[in-house]
Amino acid sequence: MSKPRIVVIGGGAGGLELVTRLGRRLGKKGKADVVLVDRNSTHIWKPLLHEVATGVLDSGLDEISYQGHSGSNGYRFQRGTLCNLNRETRCVTLAAIEDEDGNEVLPARSLEYDHLVLSVGSVSNDFGTEGVSDHCHFLDSPAQAEGFRKALLNTFLRYSGEASHDNPCITVGIIGAGATGVELSAELHDASRMLKSYGFTSLGREHLKVHVIEAAPKILPVLPDRISDAVHKELEKLGVNVHVDTRVTKVEANRIHTSDGDPIKIDLGVWAAGIKAPAFLAELGLEVERNNRVKVHPTMQSLDDPRIFAFGDCASCPQEDGSVVPPRAQAAHQQASVLYKNLCAVIDGKALKAFKFQDRGSLISLAHFDAVGSLMRAASARSLFIEGNLARLFYASLYRMHQRAIHGTLKTGMMVVVDGLNRFLKPRLKLH
């Protein structure tokens, strides 16, 4: 009897944690063939992309090679993009991979499965706003974050070299005041300070103007007012121009038009105002919501096929109170743990468990300037408000928890030491 094959599409935070645990438990022991499929060859934790976008985090140092990681963790890796699903034959088709010149590197391939897991995350949702796709940067992938970083460096160089600017001012417009937009605005001020200190440019923080534009009545609209208010005040201290209750109607190359009627001149624009699941999920024959999220049972099985699971940002998982699991990193982390147990139960012929999301709180980092957040108390529904160094410590621990899940405790401890050494050995900002 052949081993059951578990195919996981998407190596984001949840997907990589899931295949790592499955590979160690089932793959290494020969109980299952665990396969990870991703369009990219490397992984980086998505909540850190705003740091990649400013150069504070060097993606080349922190990214993980799927191929290298798979060899020591009991799963196989295949690079590719899901383009078709045949539920009758239990087979997925991966599109051909081409290089930058359009030459085929890998042909289209078929991959059979016994159990399929969709973990493809989310992408930005521009809601059809005119000009956004043409004139705004997105931060959905390391490549997009790197694209913004290079554009930012080039803009600083251009303004530094143009003598016609008597009082140069670089303006960045960030549309969306969720965690990504807010954290990026603070990182930009920190990055501009370091660019000047390294002699990359003669311009500093005083020559940077950042606008954060939010359609909701407050920034961080899904978080408690106490966190939102504290972050708002801190951003204003940094000199960030915060616009709330302001809807963007159109974006041009150097201008953002808003419902207020006063256009905002910009050098760079970033869209960080909403997410949706990738559009191809709506073409697989599975029931989805309007935002393309696959509808699943509390066990994370698709409503249409018990052999297909979905979790993370790309899934709509119901809860007992009638809500659905929010698209947050901590939710994907928790779902990966429960889905790991459920897939092991499927292999062993045991019953599956329903997923129940437990909100552990929220944390927002404003570069080295401040950090604010709340931690949920286990014994009650009340939260504990934290800020400053304690909040920074808890914020940093989130990434270390992710590293521990995919590398183990020993390697993560070694990475903490190496990261500490790099702070002294290398520039704190990627300058190339």
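A few remarks follow.
- Test for residue 397: is it assigned to a helix (DSSP H, G or I) and small (Gly, Ala, Ser): yes
- Residues of the stretch 279-315 that are part of a loop (DSSP other than H, G, I, E, B), at pLDDT 95 or above and within 28 Å of residue 53 (Cβ to Cβ): 292, 293, 311.
- Only residues that are at pLDDT 95 or above and buried (at least 21 other Cβ atoms within 10 Å of the Cβ) were counted in the stretch 54-73, giving 4.
- Flag if residue 400 is modelled with pLDDT under 90 and not aromatic (Phe, Trp, Tyr): no
- Cβ-Cβ distances below 8 Å connect the following pairs, each with a first residue in the stretch 15-34 that is part of a strand (DSSP E or B) and surrounded by fewer than 24 Cβ atoms within 10 Å (Cβ to Cβ), a second residue that is aliphatic (A, V, I, L, M) and at pLDDT 95 or above, and a separation of six or more residues or different chains: 33/6.
- Verdict on residue 387 being among the charged types (D, E, K, R), in the same structural domain as residue 289 (by TED's automatic domain parsing) and closer than 28 Å to residue 274 by Cβ: no
- Residue within the stretch 384-399 that is within 30 Å of residue 155 (Cβ to Cβ) and small (Gly, Ala, Ser) present: yes
- Any chance residue 95 is touching an Asp or Glu at 6+ places or on another chain (Cβ under 9 Å), of a type in the set (A, V, I, L, M, F, W, C) and not assigned by TED's automatic domain parsing to the domain that holds residue 259: no
- Qualifying position, being surrounded by 12 or more Cβ atoms within 10 Å (Cβ to Cβ) and closer than 30 Å to residue 221 by Cβ, among 361, 408, 388, 413: 361
- Options 250, 237, 233; residue that is assigned to a strand (DSSP E or B) and either outside the structural domain of residue 366 (by TED's automatic domain parsing) or aromatic (Phe, Trp, Tyr) (or both): 250
- Scanning the stretch 347-356 for residues that are modelled with pLDDT of 95 or more and surrounded by 14 or more Cβ atoms within 10 Å (Cβ to Cβ), we see that the one that is farthest from residue 325 (Cα to Cα) is 352.
- Residue check for residue 120: surrounded by 21 or more Cβ atoms within 10 Å (Cβ to Cβ), of a type outside the set (Ser, Thr, Tyr) and at pLDDT 95 or above: yes
- Taking first residues from the stretch 56-71 that are within 18 Å of residue 13 (Cβ to Cβ) and outside the structural domain of residue 140 (by TED's automatic domain parsing) and partners that are small (Gly, Ala, Ser) and crowded, with 17+ Cβ neighbours inside 10 Å, the Cβ contacts under 8 Å between residues at least 6 apart in sequence or on separate chains come to 59/145; 66/11; 70/23.
- Residue within the stretch 140-162 that is assigned to a loop (DSSP other than H, G, I, E, B), in the same structural domain as residue 258 (by TED's automatic domain parsing) and either under 26 Å from residue 199 (Cα atoms) or among the β-branched types (Val, Ile, Thr) (or both) present: yes
- Inside the stretch 179-225, residues that are of a type outside the set (A, V, I, L, M, F, W, C), modelled with pLDDT of 95 or more and assigned to a loop (DSSP other than H, G, I, E, B) make up a count of 3.
The values are calculated or read from the model by the stated rules, or taken from the named source; none is laboratory data. Values in this document were obtained by computation on a predicted structure and should not be read as measured data. In this analysis, Cβ positions are derived from the backbone assuming ideal geometry, glycine residues included, and neighbour counts consider all displayed protein chains.
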